[in-house]
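The structure under discussion appears below in the form of structure tokens.
The values are calculated or read from the model by the stated rules, or taken from the named source; none is laboratory data. Here the structure is a predicted model, which means the values were calculated and not measured. All accessible areas refer to the heavy atoms of the entire protein, side chains included, with ligands and DNA or RNA removed. Shrake-Rupley method; radii C 1.70, N 1.55, O 1.52, S 1.80 Å.
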Amino acid sequence: MARVSQEHLDARRRQILDGAARCFTRNGFHATSMQDVLREADLSAGAVYRYFRGKEELIGAIVTEVLDSLRDTFETAARQSPPPPPDELLAAVMSEVLGARPDGFPGLIIQVWTETLRNEELAAVLKGGFVKVREAWVKIVHVYQDAGSMDPGVPAEDVARVMIATAQGFAAQQALFGEVSVDVLRNGLRGLMSMDAQRAS
């Protein structure tokens, strides 16, 4: 029997996750069955269950993928000298995350948050991912502080938590009130960041 390449396995996994994300976004996590995912991905049960045992593993994999993507992007930014300012960085990351997912994806984010209240395994996945993203943001804040562009007296951990909260709030607004341009996020942060400059002038 011919060996299946890793590239093929990765593409098949991607096909399943994309199909599941579309189903969860469109119908909701609880209203989606594995049969729905099979139809959306256009794969047999055997092909899907080779990778994932059920919906919980699928949603966990989607969450992990998004959080890993965020962490990698922020860690890359931390290695730049200097990294983009917070308004540009956060707007670019949100645009990338939302643009690479199906329409309505922010609604799935809200569903995940709700599901963690009853699903301990998913809560652990989300918490672990959150810690990694926060650590990446702390590195960025330290770079800002070392460069003299941010007050070194402000705890980096506090800034990291607020930046993550800003992204979460933007996603929540998208889910609850409809699509909002990422320019709104960028401009709002830029306005807040300009306050000290206005005082000085």
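Please report the carbon-and-sulfur percent of the accessible area for segment 58-201; probe 1.4 Å, protein heavy atoms only, DNA, RNA and ligands left out. Of all accessible area on segment 58-201, carbon and sulfur atoms account for 56 percent. Max-minus-min Cα coordinates of segment 90-185 on each principal axis give 39, 34, 20 Å, with the largest extent listed first.
Probing with 1.4 Å while keeping every protein chain in the model, the per residue accessible area of the chain equals 57 Å².
Couplings 3J(HN,Hα) of segment 153-170, computed from phi: x, 8, x, 4, 4, 5, 4, 4, 5, 5, 5, 5, 4, 5, 5, 5, x, 5 Hz, in residue order, whole Hz [Karplus 6.51 cos²θ - 1.76 cosθ + 1.60, θ = phi - 60°; x for Gly and Pro].
List the relative contact order of segment 1-153 as a percent without decimals, with contacts defined as Cα pairs under 8 Å and 6+ residues apart. Don't jump to the answer; show the numbers that get you there.
Numbers: 107 pairs, mean separation 43.2, N = 153.
Relative contact order of segment 1-153: 28 percent.
Of all aspartates and glutamates in the structure, those lying under 15 Å Cα to Cα from K127, and not within fewer than 8 positions of it along the same chain, are E65, D68, E115, E135.
For the chain, the calculated P(r), taken from all Cα-Cα distances in 5 Å bins from zero up to the bin holding the longest distance, is 1, 7, 14, 17, 17, 14, 11, 8, 5, 3, 2, 1, 0, 0, 0 percent.
In the chain, the calculated helix contribution to ellipticity at 222 nm averages -24500 deg cm²/dmol per residue, counting -39,500 (n - 2.57) for every DSSP H run with n ≥ 4.
Taking each residue as 0.36 nm, the span from R39 to A11 lengthens on full extension beyond its C-alpha to C-alpha distance by 8.4 nm.
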